[in-house]
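Here's the structure, in structure tokens; my notes come after.
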Amino acid sequence: MSIQQQIYRTFTKTHGLTLKADASHYLQQTLFELQVRPVDIPEWLDSVATLWLTRSVNTSMVELESLKTVVLAKLQTHQVPVSKLQADPSTVNDSGLDSDLGLDNDMRHEQSLADVDIRDHFHVIDAFTVPRWRYDTLRKKFVPYSQPAQLLSAAEAKAQIHQDRYDLIRQRLMRNEHFVPSTFSADPSADVCRLDVIESLQGREGESFMLFGMLSQLEEGVLSLEDKHKSVRLDLSEISSHNQSSGMFTENSFVLVEGIYEDNVLRVEAIGLPPPESRLASSEASMVVLSDVWLDSPVVLDKLKTLFRGFETSSIPLAFVFMGSFSSEPFLMSGKESLRYKGLFDNLATIIQSYRQLAETSYFIFVPGPNDPWSSDLLPRPAIPEFFTQTLRRKVKRCHFTSNPCRIKYCNREMVLFRQDIMNRMRRNCVIVPSDDDSRDVKQHLVRTLIDQSHLCPLPLRTAPIYWAFDHALRLYPIPDALVLADRYDSYAVEYEECQCLNPGSFATNDFGFYVYYLSKGIAQFSAIPK
């Protein structure tokens, strides 16, 4: 394993840190100058990363100057001469130990960029292969499940869904500077809220509390707040747009409530969604995102040809993301229907092949929608079966049929793709009317709700059924760089907590609109094909 790989494994994989290029070069140079034995390198790197974390708790981005301070402090502690560490870190090449002073730094940099194939850093992650982790409240860290997830899981998996969501959001909440657990006393002069558990309400009539839990209806028409141990009935009669945050409050969503406990009921004075946790933070690689690509519509196929022709003669995208449904009519279980549906992708394969540069260099990603086989409301939805797509897979080499939802990883950027008419579902299931006291519209309410809930579909299981053991595949934690909520609702782009959230709308019915997402800049641009 090279020095650079060991640095990446220690800082990024083990400690969750991101090194800038000059900081990584500096570490390689330091190891070379100190002549650290290969067997001692992992321990040395781990000690530097640990020391950096104790000094820089507010960011996960390791920059050169702050890293120099930490390394020099470590060396002085061990009485190591540091004068020879002032050389330019760029004098160490990517292998970590070889010095190539015959090349100019800029020439080496340009050469290294030319050698990079951006397609090697593009990955599609199926929902059924997302690693399954949970937050261990005793060990205070995320740990993997010991058993693999199964579609036909035991009943315990259903109960675990809400416990895992609760633990995930609460640990996020406890790292927020504005909250402390009930076991600590908050400074009255500080802008800090003490968070209590429902169990602590017993025998404390007339006192004011702030609680975190899940909205539920344990009795028909009566909202309660649940945490992992107890529940309390809520009186929401005093709630209005003046004392609730923006967002959509559905049953089974997690909320913060503040109120007075009287007669075994919490009289709620304020309610809001838990605050999110911001994601800290080539050539111009781009992705084209479309939804409702009806392959049985001659008009849609004609517009696809226009789309392909335009990109082939201008700038070729890294990927085309096609999100279902791929048929204007729901799929029916019959032999004739299967042949018809298979023919749609056979025809698309022929069209893509006619644009040779796109077919050979771009990725083509297909995410199933509600009309695609096998039709089911259960999430996550598996990829379209290979029987229907084998011709396209054979003719287009960079073709991926994946689950709904799925994730795309490109270098250090992550994008989540989700095809679901989530806007109408959330609006129909609101148990508290969203606040209309601010300038936010319904799109911003939706985006904030999903990100604050750290989940793509925070609805009751009876409304939005989920494979119990695969609920983790719908999590939005950490916050991705981009979130595509493909919906029949009008197209939009909303940025929230450094996450670009966008809906391309229906390509077939929304004036043939689509989004181009620029991966390096993290920005989205809406376009439409003229009628």
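Taking the condition of being surrounded by fewer than 16 Cβ atoms within 10 Å (Cβ to Cβ) and outside any helix (DSSP H, G or I), how many residues in the stretch 19-50 meet it? The number of residues fulfilling the criteria is 4. For the stretch 471-518, a residue qualifies if it is among the aliphatic types (A, V, I, L, M) and in a strand (DSSP E or B), and the qualifying residues are A482, L483, V484, L485, A486, A493, V494, L502, V516. Total residues in the stretch 485-531 satisfying the condition of being polar (S, T, N, Q) and within 17 Å of Q444 (Cα to Cα): the figure is 3. Restricting attention to the stretch 505-521, the residues being at positive phi and of a type in the set (A, V, I, L, M) number 0.
There is at least one residue in the stretch 485-498 that is crowded, with 21+ Cβ neighbours inside 10 Å and touching a Ser or Thr at 6+ places or on another chain (Cβ under 8 Å).
The residue that is nearest to A359 (Cα to Cα), counting only those in the stretch 391-444 that are surrounded by fewer than 16 Cβ atoms within 10 Å (Cβ to Cβ) and polar (S, T, N, Q), is N412. Here I125 does not fit the description of being within 30 Å of A473 (Cβ to Cβ), modelled with pLDDT under 85, of a type in the set (V, I, T) and out of contact with any Asp or Glu (no Cβ under 6 Å at 6 or more places or on another chain). Against the numbered list (1) outside any strand (DSSP E or B); (2) modelled with pLDDT of 90 or more; (3) surrounded by 15 or more Cβ atoms within 10 Å (Cβ to Cβ), L225 comes up short only at (1). Against the numbered list (1) under 29 Å from the mean Cα position of the chain (by Cα); (2) among the aliphatic types (A, V, I, L, M); (3) modelled with pLDDT under 85, A190 comes up short only at (1).
Of the residues making up the stretch 298-330, just one is closer than 17 Å to G343 by Cβ, modelled with pLDDT under 95 and more than 30 Å from the chain's Cα centre (by Cα), namely E329. When the residues of the stretch 142-187 are filtered to those that are part of a strand (DSSP E or B) and modelled with pLDDT of 75 or more, which remaining residue is surrounded by the most Cβ atoms within 10 Å (Cβ to Cβ)? Among those residues, the one meeting the criterion is F179.
Could you please let me know if S314 is part of a loop (DSSP other than H, G, I, E, B) and touching a strand residue (DSSP E or B) at 6+ places or on another chain (Cβ under 9 Å)?
Judged against the criteria, S314 is not a match.
The values are calculated or read from the model by the stated rules, or taken from the named source; none is laboratory data. As the structure is a prediction and not an experimental result, all values here were calculated from the model. Note that each Cβ is placed from the backbone with ideal geometry, even for glycine, and that neighbours are counted across all protein chains shown.
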